[in-house]
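Notes follow the structure.
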Amino acid sequence: MRVPPGASIETLCIHAGQEPDPASGAVMLPIVLSSTFAQDGPGVHKGFDYSRAGNPTRAALEACLATLEGAQHGIAFGSGCAALTAVLLTLRSGDHVLVGDDVYGGTFRIFDQVVAQFGIESSFVDMSDPVRAFEAMRPNTRLVWIETPSNPLLKVLDIETLAAGARARGVPVAVDNTFATPMLQRPLDLGASIVVHSTTKYLNGHSDVVGGAVLTNDRALAERLHFVQKAAGSVPSPFDCYLVLRGLKTLAVRMKRHVETARGIAEWLATHPRVAHVHYPGLPGHVGHAIAARQMKGPGGMITFEIEGALAQAVTFLRALRIVACAESLGGVESLAEHPATMTHASLPPKARQALGIRDGLIRLSVGLEDAGDLRGDLERGFRAAFEQTHV
Ligand SMILES: *Cc1c(COP(=O)(O)O)cnc(C)c1O
């Protein structure tokens, strides 16, 4: 890499894994769409033979993401779900995984309905108390899987303590770092062995790609993941890799602004008469505030809040917004709001939803890069609509 050692992460977002094209001097990396590569003779090539196995644009993205997470190895996939499935495909039938009880719904589904069929067992436990969580460890536990901050309640887990406890038992910890991004939290520095991302969210940041990646310093694991990537084939297209690389160039400035605006809105919501509760790690009253302050560089751009009333008010609120779109997903330049109980977390059984505290008045907000005053005005429009209607 041309970037000198010791460059800050803000610089690496723009340059890591990328150099001017030696053939033309082009400053922006060419997008190599080719599915295959000419060889000087059978097996004699410049590192690429077929794009499922390897592609220059994808290699640049993998190098960039690895650098940002402080990892030696990066392996990119066609979605966040494909990335986490690839990690599970390195396990064997009979292995057991300890999983946080409030992981992303799609993650839960892969454990519960996909890999379970092949004899990979999982237990879902509250990881906020590591001592109690590790009581669920078994002799065949091969992996601990966590997500922090979690979705939708933004619970914060102590990565360092969990990683140290798992390491003492010889078990690696995988952290889904999608909500924090390496700008705010670097799990490998805190002792985790594996970082997983849905690049669909903040890393790409423009809501126009579905993608994922795994980053690790474990060479043997990286080799197996490269094998799964090639053998199972859920690879991202070169064009999508280019879009994520392009998005990454502004990651540092975007995250700074996401955090700044989200903090202001969270504080405003916390004093709003129609808001029953605000979940935001940056607020002193949040359960994970102290851990977040220690392990994160900022509390992130996601806010979940509970409005008074319940389903009808939440629906009216969301329908009245004009800047904030009612949509799933997060981490884009545009603000998005959604209703976890009927949208992202609808597939959870109602009892499980209740147990996790996902109530009907809950709204999850992905704070975008719009003007903070405009966003507050839009949310106020939602509150007025939800609470001015006459009750019948
Ligand atoms: C979206 C998301 C995923 C899944 O990623 P896709 O790119 O949608 O497959 C996994 N984990 C978290 C935390 C997510 O937000």
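The values are calculated or read from the model by the stated rules, or taken from the named source; none is laboratory data. Worth saying up front: this structure is predicted, and the values here are computed from it rather than measured. In this analysis, Cβ positions are derived from the backbone assuming ideal geometry, glycine residues included, and neighbour counts consider all displayed protein chains. These accessible areas exclude ligands, DNA and RNA; they are computed on the full protein's heavy atoms, side chains included. Shrake-Rupley method; radii C 1.70, N 1.55, O 1.52, S 1.80 Å.
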* Could you please state how large a percent of the accessible area of the stretch 252-388 is carbon and sulfur, counting protein chains only and using a 1.4 Å probe? => 53 percent
* Asked: Taking only Cα atoms, what is the 0 to 90° angle, nearest 10, from helix 219-232's long axis to the longest principal axis of the chain?
  -> 90 degrees
* Asked: How would you rank 114-120, 227-233, highest first, on the average number of other Cβ atoms within 10 Å across their residues?
  -> 227-233, 114-120
* Gaussian network model of the chain, Cα within-10 Å springs - most flexible of Asp374, Asp158, Asp126 -> Asp374
* To do: Compute the separation of the alpha-carbon centres of the stretch 263-316 and the stretch 197-251 and state it in Å as a whole number.
  => 30 Å
* Provide the per residue accessible area, probe 1.4 Å, for the stretch 28-155, rounded to a whole number of square angstrom. => 43 Å²
* Structure fact -> Cα extents of the chain along the principal axes, largest first, in whole Å, come to 79, 52, 37
* **Residues Glu160 and Asp374, FRET efficiency given R0 of 30 Å [Cβ-Cβ distance, rounded to 0.05]** => 0.20
* Asked: Going by alpha carbons, how many degrees (0 to 90, nearest 10) lie between the helix axis of 251-270 and the longest principal axis of the chain?
  -> 20 degrees
* **Rounded FRET efficiency, nearest 0.05, which uses the C-beta distance separating Arg109 from His45 and R0 of 51 Å** => 0.85
* Asked: Once you charge only the Cβ atoms, +1 for Lys and Arg and -1 for Asp and Glu, what is the size of the charge dipole of the stretch 181-246 about its Cα centre, to the nearest 20 debye?
  -> 40 debye
* How much length, in nm to one decimal, is gained on full extension between Ala116 and Ser34, taken as 0.36 nm per residue of separation minus their Cα-Cα distance? -> 25.8 nm
* Only Lys, Arg, Asp and Glu count, each charged at its Cβ (+1, +1, -1, -1), so figure out the dipole size of the chain about its Cα centre, rounded to 20 debye. => 240 debye
* Label points 7 Å out from Cα along the Cβ direction at Ala355 and Glu267: separation in nm? -> 3.8 nm
* To do: Estimate the FRET efficiency between Ser24 and Ala220 by the formula 1/(1 + (r/R0)^6), using the beta-carbon distance for r and 45 Å for R0, to the nearest 0.05.
  => 0.75
* Partners for Lys230 among lysines (Cα-Cα distance below 30 Å; same-chain residues under 8 apart left out) -> Lys46, Lys201, Lys249
* Check the straight Cα-Cα distances from Lys351 and name the aspartates and glutamates below 17 Å, setting aside those fewer than 8 residues away within the same chain. => Asp101, Asp102, Asp112, Asp126, Asp360
* To do: Give me the accessible area per residue for the stretch 252-388, probe 1.4 Å, as a whole number in Å².
  => 43 Å²
